Amino acid sequence: MAKGSNLQVAVPALPVPDEELVRRVQAGNSDAFEELVRRYERKVYNITYRLLGNESDASEALQDTFLRAFRFLPKFKFKSSFYTWLYRIATNVCLTRLRKRKSPETVSLDEPVDEDGELSLEIADSKFSPEQVFQQRLLREKLQEAIEALPEEYRTVIVLRDLEGLSNEEVSKVLKLSVPAVKSRLHRGRLALRERLAQYV
Amino acid sequence: MRKRRKSMQECRECAELLEWASACIEGDATEELRRELMIHVSSCTACARLFRSLKRVVHFCQLETGCDVPGEVHERLWIAIRQELLSEDEE
């Protein structure tokens, strides 16, 4: 480039890393906390919805999670990533709520999912006909029902690993389990899920 | 991965396949194990059905992108957060 050229290249600003935002919150910057909420609101909502199974409870758990995160952020020691710490709070909030439910819904894993349903869905095919779109929506509902029927130790692992896409290592940090324990629960959870969804897939 | 104790042809009620199927889906299985599993499922209808449906369930879960936060839920969250931040400022 010629010396003294005025050529300027617009470089998009890189997002501020989570850890930097946490440091800013710890220094009293509330805007930084709002940015963290914006980043993780959707993800945390999906975890709480998957674990609790309805919008009302998921909404309250979402609020609880971020309010607890805000209160405890001053003590955050950077021993894990911010999001695994946040997901751990969300998971614990949900598990506490599940245990407090007076009459928890317990559904036998052997119970037929839907006696009327006899669906066959090629999930891998992305070009869905209207019928397949309908079937996919139905399958999605059945999936959520099947997840809610799982014992909580399987449900948490399936939600974090298969639905939210965390690695086995990340799940082990969120749930404070060993990686082999995560794999074992994942395997048994998948088998239980398959049992309930077998007639649909 | 648990050490294999017997060949797949000998396994009773295909119990060992259950362990291996998840390992294969996870990508944890060795090439040899994968090959053996494929040979087995090509001759065992029950295992083939189980393996196929397990893969589809896992695949469907992984395709699930989740949902956006509903408008009212989003509003309630931000009201709660702003109240919390305000009370923090006042202290």
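Before moving on, here are some points about what is shown:
- Spatial separation of Cα centroids for segment A:17-77 and segment A:154-201, in angstrom: 23 Å
- Amide proton proximity set for A:Phe76, modelled H, under 5 Å, gap of 5+: none
- Compared with the direct C-alpha span, the chain from B:Glu26 to B:Arg52 gains 7.9 nm at full extension, assuming 0.36 nm per residue.
- Cross-link table A:Lys77/A:Lys142; A:Lys43/A:Lys173; A:Lys100/A:Lys142, entries beyond 29 Å C-alpha to C-alpha: A:Lys77/A:Lys142
- Take each residue in B:75-83, count the other chain C-beta atoms within 10 Å of its C-beta, and the mean is 5.
Quick note: the coordinates plus some simple rules give every number you see, no bench work behind them. Predicted, not measured: the structure shown is a model, and the values here were computed from it. A quick note on method: Cβ atoms are made from the backbone with ideal geometry, for glycine too, and the neighbour counts reach across all protein chains shown.
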